[in-house]
Amino acid sequence: MSSVPTMADRLPPSAAGSPLAVILFAGMAEIVGARRLEMPWDGGTVADLRRELAAARPALGPLLARSAVCVAGRYAADHVTIAGGVEVALIPPVSGG
Amino acid sequence: MPAPLPTASSSAAPVPAPGPSPDAGACRFVHGPIDGAAILAAVAAPAAGGNVLFLGTTRGVTADVTTRSLDYEAHETVAVAMLDGLRAEAAARFGLCGCAIVHRLGRVVVGEASIAIAASAPHRREAFAATEWLLERVKAAVPIWKCEEDGEGRRTWVHPGDLRGIEERR
(Lines give C-alpha, C1' and ligand atoms only; values in the text may rest on other atoms or scores of the structure.)
Protein backbone atom coordinates (compact mmCIF):
# COMPACT_ATOMS: atom_id res chain seq x y z
CA MET A 1 0.00 0.00 0.00
CA SER A 2 2.39 2.63 -1.20
CA SER A 3 -0.07 5.53 -1.00
CA VAL A 4 -0.04 5.62 2.81
CA PRO A 5 2.79 7.48 4.55
CA THR A 6 4.76 5.42 7.03
CA MET A 7 5.71 8.25 9.35
CA ALA A 8 4.08 8.19 12.76
CA ASP A 9 1.17 10.57 13.11
CA ARG A 10 1.33 12.14 16.53
CA LEU A 11 -1.83 13.41 18.16
CA PRO A 12 -1.77 16.53 20.32
CA PRO A 13 -0.16 15.69 23.66
CA SER A 14 -2.26 15.59 26.79
CA ALA A 15 -1.30 15.97 30.40
CA ALA A 16 -2.01 12.33 31.20
CA GLY A 17 0.11 9.19 30.99
CA SER A 18 2.59 7.90 28.44
CA PRO A 19 1.49 7.52 24.85
CA LEU A 20 -0.02 4.32 23.45
CA ALA A 21 1.02 3.25 19.97
CA VAL A 22 -1.85 1.97 17.84
CA ILE A 23 -1.05 0.17 14.59
CA LEU A 24 -3.32 0.66 11.60
CA PHE A 25 -3.88 -1.44 8.50
CA ALA A 26 -5.56 -1.30 5.12
CA GLY A 27 -8.51 1.10 4.90
CA MET A 28 -7.86 2.48 8.38
CA ALA A 29 -4.29 3.44 7.50
CA GLU A 30 -5.64 5.03 4.35
CA ILE A 31 -8.22 7.09 6.27
CA VAL A 32 -5.68 8.34 8.81
CA GLY A 33 -2.81 8.67 6.34
CA ALA A 34 -0.44 6.78 8.63
CA ARG A 35 0.25 3.25 9.79
CA ARG A 36 0.70 4.23 13.41
CA LEU A 37 -1.06 6.57 15.80
CA GLU A 38 0.19 7.64 19.19
CA MET A 39 -2.62 8.16 21.68
CA PRO A 40 -2.20 9.87 25.01
CA TRP A 41 -2.94 7.02 27.42
CA ASP A 42 -3.54 7.04 31.12
CA GLY A 43 -4.69 3.43 31.31
CA GLY A 44 -8.10 2.02 30.49
CA THR A 45 -9.93 -0.67 28.59
CA VAL A 46 -10.49 -1.50 24.95
CA ALA A 47 -13.83 0.31 25.20
CA ASP A 48 -12.04 3.43 26.48
CA LEU A 49 -9.60 3.26 23.59
CA ARG A 50 -12.48 2.95 21.11
CA ARG A 51 -14.12 6.06 22.57
CA GLU A 52 -10.92 8.09 22.55
CA LEU A 53 -10.01 7.04 19.02
CA ALA A 54 -13.48 7.88 17.71
CA ALA A 55 -13.26 11.30 19.37
CA ALA A 56 -9.72 12.03 18.15
CA ARG A 57 -10.28 10.66 14.64
CA PRO A 58 -13.97 10.96 13.73
CA ALA A 59 -13.29 9.75 10.20
CA LEU A 60 -12.33 6.35 11.66
CA GLY A 61 -15.65 6.02 13.49
CA PRO A 62 -17.79 4.02 11.04
CA LEU A 63 -15.04 1.49 10.26
CA LEU A 64 -13.87 1.37 13.89
CA ALA A 65 -17.39 0.35 14.94
CA ARG A 66 -17.05 -2.77 12.76
CA SER A 67 -13.44 -3.52 13.76
CA ALA A 68 -11.75 -5.75 16.30
CA VAL A 69 -8.98 -4.55 18.59
CA CYS A 70 -5.89 -6.68 18.93
CA VAL A 71 -3.99 -6.34 22.21
CA ALA A 72 -0.63 -8.08 22.61
CA GLY A 73 -1.39 -10.33 19.64
CA ARG A 74 -4.92 -11.40 20.59
CA TYR A 75 -8.36 -10.08 19.69
CA ALA A 76 -9.59 -8.42 22.86
CA ALA A 77 -13.11 -7.76 24.15
CA ASP A 78 -14.17 -4.26 25.21
CA HIS A 79 -13.66 -4.98 28.93
CA VAL A 80 -9.98 -5.95 28.53
CA THR A 81 -7.52 -3.59 30.19
CA ILE A 82 -4.73 -2.22 28.00
CA ALA A 83 -1.45 -2.12 29.88
CA GLY A 84 1.18 0.41 28.98
CA GLY A 85 3.73 -0.67 26.43
CA VAL A 86 1.72 -3.47 24.80
CA GLU A 87 1.15 -3.61 21.05
CA VAL A 88 -2.34 -2.51 20.08
CA ALA A 89 -3.62 -2.93 16.53
CA LEU A 90 -6.96 -2.07 14.98
CA ILE A 91 -8.30 -4.93 12.85
CA PRO A 92 -10.97 -3.81 10.38
CA PRO A 93 -13.15 -6.49 8.76
CA VAL A 94 -10.83 -8.89 6.97
CA SER A 95 -10.78 -9.88 3.29
CA GLY A 96 -7.98 -12.40 2.84
CA GLY A 97 -8.14 -15.61 0.87
CA MET B 1 9.86 -24.61 13.16
CA PRO B 2 6.09 -25.05 13.62
CA ALA B 3 4.77 -27.49 16.18
CA PRO B 4 4.28 -31.05 14.95
CA LEU B 5 0.86 -31.93 13.63
CA PRO B 6 -1.38 -33.78 16.05
CA THR B 7 -1.52 -37.51 15.48
CA ALA B 8 -3.79 -38.54 12.62
CA SER B 9 -7.04 -40.38 13.31
CA SER B 10 -7.08 -44.04 14.33
CA SER B 11 -7.83 -45.10 10.75
CA ALA B 12 -4.31 -44.08 9.72
CA ALA B 13 -1.72 -46.83 9.57
CA PRO B 14 1.62 -46.27 11.29
CA VAL B 15 3.60 -43.84 9.17
CA PRO B 16 7.11 -44.81 8.12
CA ALA B 17 9.76 -42.12 8.39
CA PRO B 18 10.78 -41.49 4.72
CA GLY B 19 9.10 -38.82 2.63
CA PRO B 20 8.67 -35.06 3.07
CA SER B 21 7.78 -33.88 6.55
CA PRO B 22 4.13 -32.87 6.87
CA ASP B 23 5.45 -29.70 8.50
CA ALA B 24 7.57 -28.68 5.54
CA GLY B 25 4.86 -26.37 4.21
CA ALA B 26 3.27 -25.13 7.42
CA CYS B 27 1.80 -21.61 7.41
CA ARG B 28 3.53 -18.58 5.98
CA PHE B 29 3.33 -15.47 3.86
CA VAL B 30 5.16 -15.05 0.58
CA HIS B 31 5.76 -11.90 -1.45
CA GLY B 32 5.98 -13.52 -4.87
CA PRO B 33 4.21 -16.21 -6.89
CA ILE B 34 2.89 -19.24 -5.00
CA ASP B 35 4.32 -22.60 -6.05
CA GLY B 36 1.27 -24.82 -5.66
CA ALA B 37 3.06 -28.01 -6.67
CA ALA B 38 5.71 -27.51 -3.99
CA ILE B 39 3.06 -26.90 -1.33
CA LEU B 40 1.16 -30.01 -2.38
CA ALA B 41 4.40 -32.02 -2.30
CA ALA B 42 5.09 -30.72 1.20
CA VAL B 43 1.94 -32.36 2.60
CA ALA B 44 2.60 -35.72 0.97
CA ALA B 45 2.71 -38.60 3.45
CA PRO B 46 2.80 -42.39 3.14
CA ALA B 47 -0.48 -42.67 5.09
CA ALA B 48 -2.28 -40.23 2.79
CA GLY B 49 -4.75 -41.45 0.17
CA GLY B 50 -6.32 -38.05 -0.57
CA ASN B 51 -4.25 -34.96 -1.35
CA VAL B 52 -6.07 -31.68 -2.02
CA LEU B 53 -4.64 -28.35 -3.13
CA PHE B 54 -6.90 -25.28 -3.17
CA LEU B 55 -5.68 -22.16 -4.98
CA GLY B 56 -7.57 -18.90 -4.66
CA THR B 57 -6.82 -16.68 -7.65
CA THR B 58 -7.56 -13.08 -8.59
CA ARG B 59 -10.80 -13.05 -10.58
CA GLY B 60 -10.80 -10.64 -13.50
CA VAL B 61 -14.54 -9.99 -13.66
CA THR B 62 -17.17 -9.93 -10.91
CA ALA B 63 -20.66 -9.32 -12.24
CA ASP B 64 -19.86 -6.51 -14.73
CA VAL B 65 -16.95 -5.00 -12.79
CA THR B 66 -13.45 -5.56 -14.09
CA THR B 67 -10.63 -6.20 -11.62
CA ARG B 68 -7.05 -5.50 -12.66
CA SER B 69 -5.33 -6.76 -9.50
CA LEU B 70 -5.68 -7.34 -5.78
CA ASP B 71 -3.12 -5.96 -3.36
CA TYR B 72 -2.86 -7.83 -0.05
CA GLU B 73 -1.49 -6.85 3.32
CA ALA B 74 -1.63 -8.55 6.72
CA HIS B 75 -0.85 -8.18 10.37
CA GLU B 76 1.75 -10.84 9.76
CA THR B 77 2.69 -11.98 13.28
CA VAL B 78 -0.91 -12.28 14.45
CA ALA B 79 -2.03 -13.85 11.17
CA VAL B 80 0.68 -16.52 11.15
CA ALA B 81 -0.13 -17.45 14.75
CA MET B 82 -3.82 -17.75 13.84
CA LEU B 83 -3.05 -19.79 10.72
CA ASP B 84 -0.89 -22.15 12.79
CA GLY B 85 -3.75 -22.53 15.27
CA LEU B 86 -6.29 -23.23 12.52
CA ARG B 87 -3.93 -25.75 10.93
CA ALA B 88 -3.54 -27.63 14.22
CA GLU B 89 -7.29 -27.57 14.76
CA ALA B 90 -7.95 -28.86 11.25
CA ALA B 91 -5.36 -31.59 11.67
CA ALA B 92 -7.10 -32.86 14.81
CA ARG B 93 -10.65 -32.40 13.50
CA PHE B 94 -10.12 -34.11 10.13
CA GLY B 95 -7.30 -36.53 11.01
CA LEU B 96 -4.90 -34.99 8.52
CA CYS B 97 -1.51 -36.38 7.59
CA GLY B 98 -0.23 -33.01 6.38
CA CYS B 99 -1.49 -29.46 5.99
CA ALA B 100 -0.08 -26.16 4.76
CA ILE B 101 -1.46 -22.65 4.27
CA VAL B 102 0.45 -20.09 2.20
CA HIS B 103 -0.86 -16.58 1.55
CA ARG B 104 0.70 -14.10 -0.83
CA LEU B 105 1.09 -10.42 0.07
CA GLY B 106 1.45 -7.48 -2.29
CA ARG B 107 0.00 -7.17 -5.78
CA VAL B 108 -1.61 -10.26 -7.29
CA VAL B 109 -2.73 -9.87 -10.89
CA VAL B 110 -5.64 -11.68 -12.54
CA GLY B 111 -5.12 -15.42 -12.73
CA GLU B 112 -2.39 -15.58 -10.11
CA ALA B 113 -2.89 -17.24 -6.75
CA SER B 114 -3.23 -15.29 -3.52
CA ILE B 115 -3.73 -18.31 -1.27
CA ALA B 116 -2.86 -22.00 -1.32
CA ILE B 117 -4.26 -24.49 1.15
CA ALA B 118 -3.06 -28.08 0.92
CA ALA B 119 -4.27 -30.99 3.00
CA SER B 120 -3.58 -34.69 2.91
CA ALA B 121 -5.58 -37.35 4.71
CA PRO B 122 -5.98 -41.12 4.62
CA HIS B 123 -9.18 -40.61 2.56
CA ARG B 124 -10.34 -37.92 0.13
CA ARG B 125 -13.42 -36.77 2.02
CA GLU B 126 -11.41 -35.44 4.97
CA ALA B 127 -8.86 -33.73 2.70
CA PHE B 128 -11.61 -31.93 0.73
CA ALA B 129 -13.47 -30.96 3.89
CA ALA B 130 -10.36 -29.68 5.64
CA THR B 131 -9.34 -27.34 2.83
CA GLU B 132 -12.80 -25.77 2.65
CA TRP B 133 -13.08 -25.55 6.45
CA LEU B 134 -9.72 -23.78 6.60
CA LEU B 135 -10.50 -21.38 3.77
CA GLU B 136 -13.77 -20.28 5.37
CA ARG B 137 -12.00 -19.58 8.67
CA VAL B 138 -9.17 -17.69 7.03
CA LYS B 139 -11.68 -15.49 5.22
CA ALA B 140 -13.73 -14.91 8.39
CA ALA B 141 -11.16 -13.88 10.96
CA VAL B 142 -7.47 -13.87 9.99
CA PRO B 143 -6.08 -10.31 9.74
CA ILE B 144 -5.41 -10.15 5.99
CA TRP B 145 -6.89 -7.49 3.72
CA LYS B 146 -7.14 -6.88 0.01
CA CYS B 147 -7.27 -3.66 -1.96
CA GLU B 148 -9.05 -4.04 -5.30
CA GLU B 149 -7.82 -2.17 -8.33
CA ASP B 150 -10.48 -1.93 -11.00
CA GLY B 151 -10.12 -1.53 -14.75
CA GLU B 152 -9.82 2.25 -14.43
CA GLY B 153 -7.10 2.03 -11.80
CA ARG B 154 -9.34 2.95 -8.84
CA ARG B 155 -8.23 1.32 -5.59
CA THR B 156 -10.65 0.25 -2.86
CA TRP B 157 -9.91 -1.55 0.41
CA VAL B 158 -12.34 -4.38 1.02
CA HIS B 159 -13.81 -4.46 4.53
CA PRO B 160 -16.95 -6.58 4.44
CA GLY B 161 -19.18 -7.31 7.40
CA ASP B 162 -18.45 -6.75 11.05
CA LEU B 163 -15.47 -8.10 12.98
CA ARG B 164 -16.49 -6.53 16.28
CA GLY B 165 -17.01 -9.22 18.92
CA ILE B 166 -14.95 -11.77 16.96
CA GLU B 167 -13.11 -12.71 20.17
CA GLU B 168 -16.41 -14.03 21.59
CA ARG B 169 -17.31 -15.97 18.44
CA ARG B 170 -14.08 -17.91 18.06
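The values are calculated or read from the model by the stated rules, or taken from the named source; none is laboratory data. Keep in mind it's a predicted model, so treat the numbers as computed, not measured. All Cβ positions, glycine included, derive from the backbone under ideal geometry; neighbour counts span all protein chains shown.
Results, tabulated for the structure shown:
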quantity	calculated
Elements of type strands (runs of 3 or more DSSP E) in the range B:110-170, at least 1 residues being within 10 Å of chain A (Cβ to nearest Cβ), touching a residue at least 24 places away in the same chain (Cβ under 8 Å) and aromatic (F, W, Y)	B:144-150
Residue within the range B:64-87 that is of a type in the set (K, R) and surrounded by 20 or more Cβ atoms within 10 Å (Cβ to Cβ) present	yes
Residue in the range B:94-104 that is more than 14 Å from chain A (Cβ to nearest Cβ), at pLDDT 95 or above and over 23 Å from B:L40 (Cα atoms) present	no
Members of the range B:16-36 that are exposed (fewer than 11 other Cβ atoms within 10 Å of the Cβ) and at pLDDT 50 or above	B:H31, B:G32, B:P33
Some residue of the range A:77-88 being farther than 27 Å from B:T156 by Cα, over 13 Å from the mean Cα position of the chain (by Cα) and in a strand (DSSP E or B)	yes
Qualifying residue in the range B:46-58 (condition: closer than 22 Å to A:A26 by Cβ and in contact with a Leu (Cβ under 9 Å, 6 or more places away or on another chain))	yes
Residue ID - nearest to B:R107 (Cα to Cα), chosen from residues in the range A:17-40 that are assigned to a loop (DSSP other than H, G, I, E, B) and of a type outside the set (S, T, N, Q)	A:F25
The range B:54-63, subset touching a strand residue (DSSP E or B) at 6+ places or on another chain (Cβ under 7 Å) and in a loop (DSSP other than H, G, I, E, B), residue surrounded by the most Cβ atoms within 10 Å (Cβ to Cβ)	B:T58
Failed criterion for B:A45 (all others in (1) surrounded by fewer than 16 Cβ atoms within 10 Å (Cβ to Cβ); (2) farther than 16 Å from B:V108 by Cα hold)	(1)
First in the range A:33-45 and free of Cβ contacts under 8 Å to residues at least 60 places away in the same chain, second anywhere and among the basic types (K, R), Cβ under 9 Å, 6 or more apart	A:L37/A:R10; A:L37/A:R57; A:E38/A:R10; A:G44/A:R51
Which listed residue is within 13 Å of another protein chain (Cβ to nearest Cβ), on the phi > 0 side of the Ramachandran plot and modelled with pLDDT of 95 or more, from A:A26, A:A68, A:A76, A:A72	A:A26
Matching option when the condition is more than 18 Å from the chain's Cα centre (by Cα), away from every other protein chain (no Cβ under 14 Å), modelled with pLDDT of 95 or more and not in a strand (DSSP E or B), among B:A88, B:A13, B:A48	B:A48
Any hit, the range B:41-53, residues being closer than 30 Å to A:C70 by Cα and in contact with a strand residue (DSSP E or B) (Cβ under 8 Å, 6 or more places away or on another chain)	no
Residues of the range A:37-52 classified as within 14 Å of chain B (Cβ to nearest Cβ), farther than 22 Å from B:A79 by Cβ and among the aliphatic types (A, V, I, L, M), total	1
Selected residue (only one of A:P12, A:P5, A:P92 is out of contact with any Pro (no Cβ under 6 Å at 6 or more places or on another chain) and modelled with pLDDT of 95 or more)	A:P92
